[in-house]
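To start, the structure itself, in structure tokens.
Throughout, read-outs are computed from the coordinates displayed, never taken from laboratory work. Everything numeric here is computed off the predicted structure, so don't read it as measured data. Every residue, glycine among them, receives a Cβ derived from its backbone with ideal geometry; neighbour counts consider all protein chains shown.
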Amino acid sequence: MRFIKLILISVVVLSLLVTGISLLFPSTVIASRAIEINTTPDKIDYFVSDLNHWQDWMSDWKENKVRLEKNTAYIGTQTIQFLSKTNHSVLYRWVATGQSPYLVQFEWTQLKDSSYVVHWSFEQKVKWYPWEKFQTLLNDKLLGSKMELELQNLQAAINQKSAL
């Protein structure tokens, strides 16, 4: 009986400790990357604002079947929905099965004559649950390297379009 009591108390204390530590993590996590591209804002807008053109630079779209319906793309277990657009930014809602939704934003800012910084960010709001908070620790590592690769693909697609 003492052994069972010890196990129960240990489980409760460990659960409270893990939950307490997870409460120190932020509830909003942003993973972002940027790249400098020599181009015009119209070419950036062409590739990032229209889901029909994502196949030209998103590697997942080349490898998997994408179904487009109006302003929403369905790829595997993910859904990407267009939300809004301005002259220098576009906003999407990206939902992956088993995760809280992301707000995905592309912004492009002019540096000099024909040079723009394209900034891509994933913002995720999570609940207080410890497993969600600990999952956010991996977001920058997992998303970051993929975002860097896709931004290079975007730059290559824009350069290829410029050469035509």
Cα centre as origin, Lys/Arg/Asp/Glu Cβ charges: the stretch 83-164 dipole, Debye: 200
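By how many nm would the segment from Ile9 to Lys146 grow when fully extended, if each residue of separation counts as 0.36 nm and the alpha-carbon distance is taken off?
Details: separation 137, 0.36 × 137 = 49.32 nm, distance 4.26 nm.
Residue separation times 0.36 nm, minus the Cα-Cα distance, leaves 45.1 nm.
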Residue-ordered couplings for the stretch 33-39, obtained by feeding phi - 60° into the Karplus form 6.51 cos²θ - 1.76 cosθ + 1.60 and rounding to whole Hz (Gly and Pro as x), are 9, 9, 8, 9, 10, 8, 6
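For the stretch 27-163, what relative contact order do you get, as a whole percent, if you take Cα pairs closer than 8 Å and at least 6 residues apart?
On the way: 230 pairs, mean separation 45.2, N = 137.
Dividing the mean separation by the residue count of the stretch 27-163 yields 33 percent.
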Per the helix-only model, the chain has a calculated mean residue ellipticity at 222 nm (DSSP H runs of ≥4, -39500 (n - 2.57) each, divided over all residues, rounded to the nearest 500) of -14000 deg cm²/dmol
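What number in nm² do you get for the stretch 26-143 if you take the convex hull of its Cα atoms and divide its surface by four?
Values: hull surface 31.3 nm².
The directionally averaged projection comes out at 7.8 nm².
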With +1 on the Cβ of every Lys and Arg and -1 on the Cβ of every Asp and Glu, the dipole magnitude of the stretch 27-163 about its Cα centre, in debye rounded to the nearest 20, is 360
So which of Lys62/Lys146; Lys125/Lys161; Lys62/Lys141; Lys43/Lys112; Lys85/Lys125 end up more than 26 Å apart by C-alpha? Lys125/Lys161
Roughly what would the spin-label model give for Leu103 and Phe134, points 7 Å off Cα along C-beta, in nm? 2.8
